[in-house]
Amino acid sequence: MYLKTILLSLLLAFGSGVKAQVKPIVIATDQTSLVLTVDGNGRLHQTYLGRKLLNEAEYTALPQGPEAYLTHGMEDYYEPALHVNHADGNPSTLLTYTGHTAKALQQGVSETVVTLADPVYKTEVRLHYVAYAKENVYKLWTEITNGETKPVEIEKYASAMLHFNNAEYYLTQFNGDWANEANLSEQRLSYGKKVLDTKLGTRANMFVSPFFQLALDAPAQEEAGTVLTGTLGWTGNFRFTFEEDHTGRLRLIAGINPYASQYTLKKGETFRTPEFIFTLSYGGKGQASRNLHDWARTHSLKAGNGSRMTLLNNWEATYFGFDEEKLIGLIGEAKELGVDMFLLDDGWFGTKYPRNSDRQGLGDWTEIKDKLPNGIGRLTEEAKKQGVKFGLWIEPEMVNPKSELYEKHKDWIITLPGRREYHYRNQLVLDLANPKVQDYVFSVVDGLMTKYPDIAFFKWDCNSPITNIYSNYEGKEHQSHLYVDYVRGLYNVLDRIKAKYPDLPMMLCSGGGGRSDFEALKYFTEFWPSDNTDPIERLFIQWGFSQVFPVKAQCAHVTTWNRAASIKFRINVAMMGKFGFDIKLADMQKNEQDFCKKSISDYNRLKSTILDGDRYGLVSPYSGQHTATMYADKTKNRAVLFTFDIYPRNGEYRSNVTLRGLDAGRRYVVKEVNRMGNDDRQVGTYSGDYLMNIGLPVFTGAKMNSRVFEITAE
Ligand code: DGJ
């Protein structure tokens, strides 16, 4: 019944007496129901969000609950979802139900759209709810239409508002900085507001990631407790507001950060908000993450079901200091290692201002003659000869003031008139609100692909937040559109790239993990979580991002950060994600080189389980000096277990690690694999029942020690 629209119901009602006509609107997944009801005055309420009841008729017994999408200026005293300034200056909006539709989008995916309208002003609001039955995930967004004859201004325009009525609320946020991304911390909420937001524009998530976990009634554990994990698909400023009122109810408002972003809607114009994606898990944070991983791979992530390439990147190996000969050597190393691709990073472009440091050349996308006398073509040719793919770094949204692009097109750059420019990493941001700039950014990729059709991958970087916020394109009246129009301009470019090069994989990077959201990941196959590749730091960073994103989308490279950790330890951390190297093979000992090659071949054998299996965070790095993560394939035929001893204490008690995701009734052969200088070690054969209840003594007292176990059903 793919894409066949089934109109389940279409109900129209106005004014009083509506309640009799509108039955509860039940938006359900296999496990959860979101129930909306319409009261006698036509107002829409969120009556229920929780575990699906066996008997749908019983939803009618529930108390009405708060108004679903609250507006500014009427009868509510807390933070609204919507604030519209009407053409006559009236800042209030009242919304009443005018109808709803429900249809199946595909097997297991339904969409309900509830339409609300202001009976006095012609503002129409459509609340979209897409429910993914099997994955137990919801995707919500809102459309706001100005039906007045004159322009109106929207000041707050949330994607979604949800209400909770629980004894306690525990919020986990993920924040940090460059090289310190996605640190997890949990706090109990109490009366008042907690806001997670960003105003950085482009490198939007540098300080805080666009996702959270909200545990209801009690703090959630990895495999127990009720928790809502939510995230916004928006590659720009976001805001999550959690506000507890005087009665102990909590409201969650998710959307674009309204900070400096009032938006004018012309007559008849519709504003579509980004998507708020959430899952409600009754089996802890781990189950919530697996719901989102499954959803992402099946329904959202670019090439979610496709494979991923292992690679050798030259950034850490050379920084800006390379030439053709060195790169040809590295392409040879990629071949020798056995990876799928060589990726050339920053520093290959700039004619008048060669990009030999981050101080100049950004924006001038022609090869530096001294470094690459025969251009990129010589490199793709060499890669082809060696049987590896070739990938290229670009940062097409940005410009160094010392560049030909800056000299030619000052009007394309976001800079404040009459003020001294402030430069973040010696660069400025191009004004993607401007369609001409969109054409230019598209032409960077298109031009390279046309000239060098053998480019098989792009790493798309974005190192600066939006600074000096002023658009030459938006004009005096619409400066507050810039943060929104920038992101829309970016999506316009990415849509064009996707349309012309549908199978081109791309890595999203933003000075590490400064951009990481599900809307961007409709265009990018993967992202770079952090420049920090110290394996110990990465255990935490990858743990953080894995609460939401499948590891298939998380690049993890072996580098020389933290040389005190063995190459095996560094490799094992990177093997838990989308595996790659950013290192010079020639600088390593022979046994290390051999181990790198062996690890690529081990990874190739295990990667379908790692990338497409269910991820279980068995022991959190936040809980002590050991951590363990396991991946089990959906058939329960094979699993891979990674265990790490960080800095164990003398005389500490070490308990067994119990596994998950196996079939209790089957028997499994457990082997320790990927040993350095040794063959695989048979650990034993156990039932799934034993492994999941008794577990294995996998941790040791050795410092910075790692182990990989392959678990195969007999
Ligand atoms: C920041 C990225 O995170 C790095 O991986 C590297 O590509 C540099 N930019 C290049 O300037």
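Were the residues from Arg272 through Arg488 laid out at 0.36 nm apart, the gain over their Cα-Cα distance would be 76.7 nm. Pop out the Kirkwood hydrodynamic radius of region 575-641 from its pairwise C-alpha distances, inverse of mean 1/r, in Å to one decimal. Roughly 13.6 Å, rounded to one decimal.
With a Förster radius of 22 Å applied to the C-beta separation of Asp503 and Tyr452, the computed FRET efficiency comes to 0.85.
What value, in deg cm²/dmol to 500, does the helix sum -39500 (n - 2.57) over DSSP H runs of n ≥ 4 give at 222 nm once divided by the residues of the chain?
Counting only the DSSP helices, I get -6000 deg cm²/dmol.
The modelled label-to-label distance for the pair Met692/Tyr653, using points 7 Å beyond Cα in the direction of Cβ, is 2.6 nm. For region 241-300, the relative contact order is 20 percent, taking Cα pairs closer than 8 Å that sit 6 or more residues apart in sequence and dividing their mean separation by the residue count. In a fully extended conformation the segment linking His246 and Asp411 would gain 54.3 nm over its present Cα-Cα distance, using 0.36 nm per residue. The label point for Gln682 and the one for Asp370, both projected 7 Å from the Cα toward the Cβ, are 6.2 nm apart. Taking region 399-515 as the region of interest, what is the percent of Cα-Cα pairs per 10 angstrom bin, listed from the shortest bin to the one with the maximum distance? With 10 Å bins starting at 0, P(r) equals 13, 42, 35, 9, 1. Taking all Cα pairs closer than 8 Å and separated by 6 or more residues, the relative contact order of the chain comes to 9 percent. Estimated from the Cβ-Cβ distance and a Förster radius of 41 angstrom, the FRET efficiency linking Lys703 and Tyr422 is about 0.40. Of the trypsin sites (Lys or Arg not before Pro) found in region 351-416, those that fall in a DSSP loop while having at most 14 other beta-carbon atoms within 10 Å are Lys352, Lys369. Counting other Cβ atoms within 10 Å, keep those with at most 11, restrict to DSSP loop, and tell me which chymotrypsin sites (Phe, Trp or Tyr not before Pro) in region 60-126 are left. In loop regions of region 60-126 (DSSP not H, G, I, E or B), the sparsely surrounded chymotrypsin sites (Phe, Trp or Tyr not before Pro) are Tyr77. When the alpha-carbon atoms of region 188-343 are used, the pair Rg, Dmax equals 21.8, 70 angstrom. Taking each residue as 0.36 nm, the span from Lys384 to Ala586 lengthens on full extension beyond its C-alpha to C-alpha distance by 70.6 nm. Evaluate the Debye formula for region 643-705 with equal point scatterers sitting on the alpha carbons, no solvent, and hand back log10 of I(q)/I(0) at q = 0.19, 0.21, 0.23 Å⁻¹, in q order, two decimals. Summing over Cα pairs of region 643-705 leads to -0.84, -0.95, -1.03. Three principal axis extents describe the C-alpha atoms of the chain; from largest down they are 81, 69, 49 Å. Spin-label model, Arg359/Ala260: points 7 Å from Cα along the beta carbon direction are separated by 2.8 nm.
A short reminder: the numbers here are calculations on the coordinates, not readings from a lab. As the structure is a prediction and not an experimental result, all values here were calculated from the model. Virtual Cβ from ideal backbone geometry, glycine too; neighbours counted across all protein chains shown.
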